[in-house]
Amino acid sequence: MKIQRNDNKEHSNSESKDYGLWRDRVAFWFMGICNNYGFNVILAAAHDIIVELSPPSNDIKYVRNCNSMSTAGVLLCNIIPAIIIKLFSSFIVGMIHTKMIVAMILTVLSFITIAFAQTEWMALFGVILTSLSMGIGETALVGYLIKYDRSCISTWSSGTGGAGIIGTVSYSALKQLGFASQQLMLGMISVPIFEAIIFWGLLRHKKITTNQAENGLNDNNKDIEQHKETSNAPSITDRIKFLPKLLKYAIPLFVIYFSQYFINQGLFELIYFPKIWLSKADQYRWFQATYQISVFISRSSINLINFKAVWLLAVLQSINLIYLLFEAIYYFTPNIYVIFFVIFLEGLFGGGAYAKTFYRISEEVPEHQRQFSMAIITVSDTPGVALAGIVALPVHDAICNLPIPSRLL
């Protein structure tokens with residue numbers, strides 16, 4: 001950490017002297033899980049929400065056996081509000097405690113709203129609140145990461161990857177055990193409460209300046225510190241001028257996230273192998289589980305693999321998209337294991353690109369622009385996800401009206 005290096009310049013390895021570093025690593029891991037938990041639960045519950053909001057209609061006829069609406073519909077409600085809030089929040093540096101309070105309150109309100117929703121617009125409003133809370137929390141915590149040791153980037157990205165597994169598995173398993181959706185949503189209020197305990201109880205809050213004289217901060221000094229950070233930060237004009245230099249980080253993430261969310265929410269439900277040990281619903285769940293597992297593995301390995309060519313990952317992810325799109329149309333893959341392998345690669349490419357992008361920013365971007373850069377790059381993936389949802393809707397209808405492939409006959 002910067003503070004440790006300035007106090008002990010003769011030691012190249014600050015971690016060996018910072019015996020409390022484990023607190024920051026563990027805290028960012030848990031906060032990565034908590035911040036993205038609601039987003040992943042909504043994606044896991046997308047089919048249930050579609051059934052409630054858009055029950056099957058006899059007026060909609062497909063040549064193939066498809067749902068009346070693509071699961072990409074819920075994805076759009078879950079991502080577009082995050083785009084808007086990330087754009088505004090990225091330009092507001094500091095105020096970390098205020099941002100976290102707002103994010104946690106929105107998370108609680110989202111679960112309560114969805115749990116007691118009696119109409120379509122109420123359920124969708126709850127999904128929107130989930131999206132807003134994730135967007136505020138992500139921009140706040142990613143920007144806050146610059147105060148901490150770079151290894152915390154790995155634990156944060158690992159936590160966000162773990163949120164996919166934990167969110168998907170917890171929702172699916174509890175539904176399988178017979179819990180009602182309302183019970184599950186109310187029970188999930190415990191997640192933001194736990195996040196608050198971690199953020200204010202476990203994480204060590206530090207100054208960003210390098211000439212810190214005090215060993216600790218009381219509550220009043222926190223407000224003074226945030227004021228100093230804001231006054232020393234680059235102006236809004238400086239940040240806008242710096243944006244073109246971030247394109248080399250933003251564009252690959254945009255391409256990767258468009259590809260993988262188009263695959264996950266637009267193509268998974270259209271790929272099916274009949275007459276095997278897994279039903280169509282089982283295959284869809286295992287496709288999602290395979291993706292989440294590989295994302296977790298790749299996001300957790302940032303400190304083990306030195307790989308900076310994120311553009312190559314974007315190209316490889318686009319190839320995955322093309323392959324699975326043709327598979328959804330023509331059903332030419334000989335067995336399901338090939339699909340599992342392609343999906344596993346998809347998760348590795350996507351999770352690795354996310355982790356390595358933020359790690360590169362922490363190394364390559366000037367320190368005075370680093371917090372803004374870390375926050376603004378979180379916006380670059382969100383438009384890719386939104387565009388994937390928009391494109392997936394008409395593609396779903398088009399593929400469902402194509403002739404039935406021979407594998408299904």
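With a sphere of radius 13 Å drawn around the Cβ of Ile263, what net charge do the other residues whose Cβ falls strictly inside it have (Lys, Arg +1; Asp, Glu -1)? Write down the numbers at each step before the final one.
Values: positive: none; negative: Glu269, Glu327, Glu346.
Every neighbour counted, the sum reads -3.
For segment 236-408, state the average projected area of the convex hull of the C-alpha atoms over all orientations, rounded to one decimal in nm².
Numbers: hull surface 43.5 nm².
One quarter of the hull surface, i.e. the mean projection, equals 10.9 nm².
I'd like to know which of Leu76, Leu87, Ile128 lies farthest towards the positive end of the charge dipole of segment 22-205, counting +1 on Cβ of Lys and Arg and -1 on Cβ of Asp and Glu.
Leu87
Would you work out the relative contact order for segment 236-408, in percent, from Cα pairs under 8 angstrom that are 6 or more residues apart? Please list the in-between numbers first.
Details: 181 pairs, mean separation 76.2, N = 173.
Computed over segment 236-408, the figure is 44 percent.
Return the inverse of the average 1/r over all pairs of distinct C-alpha atoms in segment 22-205, which is the Kirkwood hydrodynamic radius, in Å to one decimal. All intermediate terms of the calculation are to be shown ahead of the outcome.
Numbers: mean 1/r = 0.0585 Å⁻¹.
So the Kirkwood estimate lands at 17.1 Å.
Just so you know, all these numbers are worked out from the coordinates, no wet-lab data involved. Note that this is a predicted model, so its numbers are computed, not measured. Note that each Cβ is placed from the backbone with ideal geometry, even for glycine, and that neighbours are counted across all protein chains shown.
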